[in-house]
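Q: Could you have a look at this structure, given as structure tokens, before my questions?
What follows is calculated from the coordinates using simple rules that are stated; it is not laboratory data. Please read these numbers as outputs of a predicted model, since none were measured by experiment. Heads up, the Cβs are rebuilt from the backbone with ideal geometry, glycines too, and the neighbour counts pull from every protein chain shown.
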Amino acid sequence: MLTFVSRRLVYAAITLLIVSMAVYAIFAILPFDPAALTCGQHCTPLVIRANRIKLGFDKPLWEQYWMFLHGIFAGRTYGVGSAAFHCPAPAFGYSFNDNMCVTELLQQKLPITLSVAIGALILWLIVGVGLGILAARFKGRWPDTASSVFVLFGTSLPVFVTGLFLLIWVSIKWKIIPISFLGYVSVFSDPIGFVKLFILPWITLAFAFAALYTRFTRASILETLGEDYIRTARAKGLSEKKVLRIHTFRAALAPIVTLASLDFAGLIGGAILTETIFNLPGIGQWTLRSVYEFNLPVVVCTTILAAGVVIIMNLIVDMLYAVLDPRVRI
Amino acid sequence: MTSLLEISNLRVSFPTDDGDVHAVDNLSLTLNAGETVAIVGESGSGKTVTSLSVMGLHNPRSTKLSGSIKIPDGDQVIDVVNDDAEKVRNMRGRVMSMIFQDPMSSLHPYFRIGKQLAEAYLVHNPGKKEEARKRTVEMLDLVGIPEPAKRAKDYPHQFSGGMRQRVMIAMALMNTPRVLIADEPTTALDVTVQAQILTLMQGIQKEFNMGILLITHDLGVVAAIADRVSVMYAGNIVEQGSADDIFYRPMAPYTVGLLNSVPKITYGEKQRLQSIAGQPPSLINLPSGCAFSPRCTYIENAPAGSCAATLPDLVGVSSSHVSRCHIPESDRPQVFSHVAGGK
Ligand SMILES: Nc1ncnc2c1ncn2[C@@H]1O[C@H](COP(=O)(O)OP(=O)(O)O)[C@@H](O)[C@H]1O
Ligand SMILES: [Mg+2]
């Protein structure tokens, strides 16, 4: 177990190195001058040259990359003398567009995205798995039919339709929740404000995912119910309730762990549509804007984050599987 | 009721979009204490459907059942087909138990086998955890698992196929049932392991005076342990008799075909296997008349047109050996005389 985890962490580090190099390489071959993008309208050739030296864009690419790596572990100081500014470790660089260290920005954006993703995940797991179980349990009867209608809507309505619909009715018509984002509140300091802030994004995302999970759960349970070992359980004289609860669910729901972890990881990379509709300044919006602005440090940072979350979630899935299924040895 | 199991006129069909699948038609048989009754037939003939019917394991929403399956339980007699589902559930695993064809997939991969065995006991003896544990070790020992107390903590994937089938048998025996249904218990196993499992079943049968309903397509298995045999074809019993009747005095053309298709070990010259030509019929639109008639090689020995017109009755000169065939019974020993092993 320990060797497994440490081996996987080494793989993860290598993967992240390659990912970050790839992003650097892509930016290097793009035909633009990164220093020219640091000063907006006030650019003069002089300012550009100063910034180029300050940010190290005058150095060869491998050296820039090396300074980037070094900064992650040791922090990084740009410029010299009184004009110098310092980004403490782990430093992913400095964003001129925001006049802030990337790590500091990340600390603002990540809680928003995490709140959206975790809340939506909980909501869609409850609704999706719950409806899936009901649909499988009452296959062919009205709960099954009702859930299939839900699945139809959830899978066919795009996120921006659901989101805009909610926004128009709940925020604009009924004025229950303000439209504009007035700042992040933590669930611990103001639970009600927190829920108000995120409830619409949660519903929007959860609606689409829950539909998929309903369908998946239903299919998985029905498939498990056809297994020979379920027939054995019935042959013992177990009641149908116990057959479901003890023998079916664990086997049927194990694959959902994989699905949920990867979907969750995807959301950390940025639920761009949802964040845009509800005007939430999370990772998704930030990444998108930074790509438009060729803001290399931010793009590298969010790319590493997205890749890192996927890798970590995969590791967690493998570990969970070893707990769930005794045949899996790690 | 003196027998352990009495199936009368059992019909099982599954409604589908293309029409009803008539899996079992008008099947009757009895099973007595200490006796092994075999149901033989090629795959798709309705053997598994029959055994699941006895266990009451068909989904009532997708299965049409009629007739009766009577099993005594104490001083009551329960009819699995017509009685309340809860009554039948209460008998499962206690009065009648079943072991399945594939021991690889029949045990739950996530639970230790000790837990799975104990569960079988606890269903019918709620709360008696200590007894369940003791009984688990006892039964594992009985079926020949070495170090039973230790192995009870293992998961199914840590056992070989033969050992798993032993575990399945141990599980079936947890409540000392009177009836054991074994659906192709050795089909998935190596030949040497097959013999061990059959010997084990015979030993257990003696010990508990159980009735065994043995489902198989393997005539070798039948010859080894069956007292009486029912031969099934397309959902019908086509011949029923003692094992000797079936092997030495077969009376139905299908039985003759089955016996001829068994490879025999002979010295000297190679022997050609005689398979039965053609395929079993679709169970959705069964031909009127004898279902075997399209594949029957003796059709010209029967009165002209009779095979296509009606399904022959299951009758015989002796009531203990009955068969379905339009060829007059007195002619059949002559007609089937070339059967290997026949007299
Ligand atoms: N639940 C079901 N729904 C529809 N058809 C079924 C069902 N179960 C079995 N059958 C059909 O009934 C026939 C007999 O099957 P079975 O009893 O499993 O044969 P076998 O003699 O090989 O055990 C087969 O044609 C099979 O396709
Ligand atoms: Mg079968």
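Q: Can you work out the Karplus-derived ³J(HN,Hα) for every residue in region B:56-65? Use 6.51 cos²θ - 1.76 cosθ + 1.60 with θ = phi - 60°, whole Hz, and x for glycine or proline.
A: x, 9, 6, 6, x, 7, 10, 9, 9, 10
Q: With the dipole of chain B worked out from charges on the C-beta (+1 for Lys and Arg, -1 for Asp and Glu) around the Cα centre, which of B:Gly203, B:Asn26, B:Tyr298 lies farthest toward the positive end?
A: Ranked along the dipole, the leading option is B:Gly203.
Q: Something else: If you filter region B:136-202 for trypsin sites (Lys or Arg not before Pro), then keep DSSP loop positions with at most 15 other Cβ within 10 Å, what is left?
A: Answer in residue order: B:Lys153.
Q: Another question about this same structure. Using alpha carbons only, how many angstrom separate the centre of region B:41-99 from the centre of region A:19-51?
A: Cα centroid to Cα centroid, the span is 78 Å.
Q: Measuring from centroid to centroid over Cα atoms, what is the spacing of region B:208-255 and region A:200-224 in Å?
A: With region B:208-255 and region A:200-224 each reduced to a Cα centre, they are spaced 51 Å.
Q: With label points built 7 Å along Cα→Cβ from the Cα atoms of A:Glu293 and A:Ile172, find their separation and express it in nm.
A: About 2.8 nm separates the two model spin labels.
Q: Mind checking the full-extension length gain between A:Phe165 and A:Glu223? Use 0.36 nm per residue of separation minus the Cα-Cα distance, one decimal, nm.
A: 17.3 nm
Q: Counting helices only, and only those DSSP H runs with n ≥ 4, report the 222 nm mean residue ellipticity of the protein assembly as shown as the sum of -39,500 (n - 2.57) divided by its residues, in deg cm²/dmol to the nearest 500.
A: -15500 deg cm²/dmol
Q: Can you tell me the dipole magnitude for chain A around its Cα centre, using point charges on the Cβ only (Lys, Arg +1; Asp, Glu -1), in Debye to the nearest 20? Working shown, then result.
A: On the way: 26 positive and 16 negative charges, 219 e Å.
In total the dipole reaches around 1060 debye.
Q: Right, here's the next one. Once you have a ≥ b ≥ c as the square roots of the Cα gyration tensor eigenvalues for chain B, tell me rounded if a/c is under 1.5, and otherwise prolate or oblate according to whether a/b is larger than b/c.
A: Cα axes put chain B in the prolate bin.
Q: Work out the charge dipole of region B:250-335 with +1 on the Cβ of Lys and Arg and -1 on the Cβ of Asp and Glu about the Cα centre, then indicate which of B:Val256, B:His326, B:Pro287 is farthest towards its positive end.
A: Positive-most Cα among the choices belongs to B:Val256.
Q: To one decimal place, what orientation-averaged projected area in nm² is obtained for the convex hull of the Cα set of region A:180-296?
A: For region A:180-296, the mean projected area of the Cα convex hull comes to 10.5 nm².
Q: What's the longest uninterrupted piece of chain A once you rule out the trypsin sites (Lys or Arg not before Pro) that are loop residues per DSSP with at most 13 other Cβ within 10 Å?
A: A:176-326
Q: Give, as ranges by residue number, the residues of region A:254-272 whose backbone N falls under 20 Å from the point 7 Å along Cα→Cβ of A:Met100.
A: It comes to A:268-272, nothing else.
Q: Report the calculated FRET efficiency for B:Val317 and B:Lys150 (r = Cβ-Cβ distance, R0 = 41 Å), to the nearest 0.05. Intermediate results must be reported in sequence, preceding the final value.
A: Working: r = 57 Å, r/R0 = 1.40.
The pair B:Val317/B:Lys150 has a calculated efficiency of 0.10.
Q: Given a Förster distance of 41 Å, report the FRET efficiency between A:Ser239 and B:Gln196 from their Cβ-Cβ distance, rounded to the nearest 0.05.
A: My answer for the efficiency is 0.75.
Q: Assuming 0.36 nm per residue, please report the length gained on full extension of the stretch A:His86 to A:Leu30 beyond their Cα-Cα distance.
A: Details: separation 56, 0.36 × 56 = 20.16 nm, distance 2.78 nm.
Between A:His86 and A:Leu30, full extension yields 17.4 nm more.
Q: Further, regarding this structure: Applying 1/(1 + (r/R0)^6) with R0 = 30 Å to the Cβ-Cβ distance of B:Glu329 and B:Asp18, what FRET efficiency is obtained, to the nearest 0.05?
A: In this case the efficiency is close to 0.20.
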